[in-house]
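The values are calculated or read from the model by the stated rules, or taken from the named source; none is laboratory data. Keep in mind it's a predicted model, so treat the numbers as computed, not measured. Positions of Cβ are generated from backbone atoms using ideal geometry, with glycine treated the same way; all protein chains shown enter the neighbour counts.
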């Protein structure tokens with residue numbers, strides 16, 4: 001570590017976050033499951049290194065579980081298109097889904113600052129229920145703690161989730177191959193810019209809303225269509241599309257080439273980014289996914305995604321190539337080449 005104190009940028013999801021994970025947490029916690037650094041852990045109960053699951057209900061007939069946990073500290077807690085409650089459910093459901101799992105159960109833990117309005121807490125609770133119903137998951141356990149005024153920022157939520165991975169499904173950046181196609185399920189940057197607009201009171205168009213949504217049903221339909229021809233999935237949250245693609249390139253030791261004119265960005269999001277000097281490639285999303293698929297099935301996958309309400313603006317934005325290893329390259333609108341590196345700090349803190 002080059003720093004002797006934690007900076008806000010260490011929570012960005014970018015290079016400083018990676019350094020924090022590599023230099024501290026992996027040194028203490030590293031093992032063959034955690035070292036994969038996926039959105040969710042894959043627990044394979046058919047191998048000796050994982051404790052066996054007792055025989056029981058048919059829901060445990062699959063040998064692999066996906067398990068994830070996440071914390072939400074978004075500011076403000078209410079924003080156009082959602083709130084911290086909806087965000088917490090969607091984020092956890094999506095992390096499970098990106099491993100090809102069917103999300104089933106969630107836990108929810110609240111850290112509440114003294115002074116939070118009861119009606120606000122009720123609204124957040126309702127949002128959690130509505131998002132869970134939308135995703136088809138159950139809240140089965142949780143915890144509540146209250147801290148003194150000034151010791152938190154109104155409310156923080158931590159969620160964990162488990163889901164079943166169907167037999168034969170293997171979604172992992174390790175499976176990315178040269179020639180694979182890169183597909184995004186819709187416009188990028190919607191969530192981060194909606195949060196920024198609300199937080200700073202910028203008064204931009206009311207059409208700036210978060211894209212927070214559970215993606216499990218979309219993923220399930222994709223897997224039903226082409227199965228393991230989907231090599232990798234990821235929801236580009238903190239650090240945006242650029243960070244996700246850099247993670248894919250690094251894990252596969254391949255290069256990803258994307259095309260600027262193919263990447264969907266809403267006009268109002270693009271306008272805000274240009275006005276404030278932000279790059280939409282690095283802005284967080286909460287209802288989009290990136291799929292790396294075998295080239296031969298890209299058109300089938302794209303057509304299927306466009307039939308789903310959360311994928312109507314899906315687009316093929318690039319492909320995987322062999323060189324330069326570990327890099328993401330953007331072909332600009334004028335035909336130039338730009339290396340899209342992993343961002344070091346944070347453009348927009350506290351967006352999830």
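Based on this model, can you work out whether residue 230 counts as more than 24 Å from residue 127 (Cα to Cα) and buried (at least 23 other Cβ atoms within 10 Å of the Cβ)?
So residue 230 fits the description; yes.
Output the residues belonging to segment 263-289 that are within 20 Å of residue 180 (Cα to Cα) and buried (at least 24 other Cβ atoms within 10 Å of the Cβ).
288, 289
Which one of the conditions (1) buried (at least 18 other Cβ atoms within 10 Å of the Cβ); (2) assigned by TED's automatic domain parsing to the domain that holds residue 296; (3) touching a strand residue (DSSP E or B) at 6+ places or on another chain (Cβ under 9 Å) does residue 131 fail to meet, given that it meets all the rest?
Among (1) buried (at least 18 other Cβ atoms within 10 Å of the Cβ); (2) assigned by TED's automatic domain parsing to the domain that holds residue 296; (3) touching a strand residue (DSSP E or B) at 6+ places or on another chain (Cβ under 9 Å), the lone unmet condition for residue 131 is (2).
Would you kindly identify the strands (runs of 3 or more DSSP E) lying entirely within segment 119-214 that contain at least 2 residues that are under 23 Å from the mean Cα position of the chain (by Cα) and within 18 Å of residue 284 (Cβ to Cβ)?
The strands (runs of 3 or more DSSP E) meeting that bar are 155-165.
Out of (1) without any contact (Cβ under 8 Å) to a residue 60 or more places away in the chain; (2) surrounded by 16 or more Cβ atoms within 10 Å (Cβ to Cβ); (3) within 30 Å of residue 44 (Cβ to Cβ), what's the single condition that is false for residue 157?
The one condition residue 157 does not meet is (1).
Picking from 166, 173, 236, which residue would you name as being more than 28 Å from residue 84 (Cβ to Cβ) and in contact with a helix residue (DSSP H, G or I) (Cβ under 6 Å, 6 or more places away or on another chain)?
Exactly one residue qualifies, and that residue is 173.
Any residue in segment 53-69 that is at pLDDT 95 or above, in contact with a helix residue (DSSP H, G or I) (Cβ under 7 Å, 6 or more places away or on another chain), under 29 Å from residue 134 (Cβ atoms) and not assigned by TED's automatic domain parsing to the domain that holds residue 213?
yes
On the given criteria, is residue 214 closer than 19 Å to residue 321 by Cα, in contact with a helix residue (DSSP H, G or I) (Cβ under 6 Å, 6 or more places away or on another chain) and either touching a residue at least 40 places away in the same chain (Cβ under 8 Å) or not assigned by TED's automatic domain parsing to the domain that holds residue 116 (or both)?
Against the criterion (closer than 19 Å to residue 321 by Cα, in contact with a helix residue (DSSP H, G or I) (Cβ under 6 Å, 6 or more places away or on another chain) and either touching a residue at least 40 places away in the same chain (Cβ under 8 Å) or not assigned by TED's automatic domain parsing to the domain that holds residue 116 (or both)), residue 214 does not qualify.
From the residues in segment 26-43 that are in contact with a strand residue (DSSP E or B) (Cβ under 8 Å, 6 or more places away or on another chain) and at pLDDT 90 or above, which one is farthest from residue 247 (Cα to Cα)?
Across segment 26-43, the extreme among qualifying residues is 43.
Would you confirm whether or not segment 167-180 contains a residue that is in the same structural domain as residue 320 (by TED's automatic domain parsing), buried (at least 19 other Cβ atoms within 10 Å of the Cβ) and farther than 20 Å from residue 237 by Cβ?
Yes, segment 167-180 contains at least one residue that is in the same structural domain as residue 320 (by TED's automatic domain parsing), buried (at least 19 other Cβ atoms within 10 Å of the Cβ) and farther than 20 Å from residue 237 by Cβ.
Residues that are under 19 Å from the mean Cα position of the chain (by Cα) and closer than 20 Å to residue 163 by Cα: which helices (runs of 4 or more DSSP H) entirely in segment 216-302 hold 2 or more of them?
By residue number, 216-226.
Give me the residue from segment 71-89 that is touching a helix residue (DSSP H, G or I) at 6+ places or on another chain (Cβ under 6 Å) and within 22 Å of residue 41 (Cβ to Cβ) and, out of that set, surrounded by the fewest Cβ atoms within 10 Å (Cβ to Cβ).
Filtering first and then ranking leaves 72.
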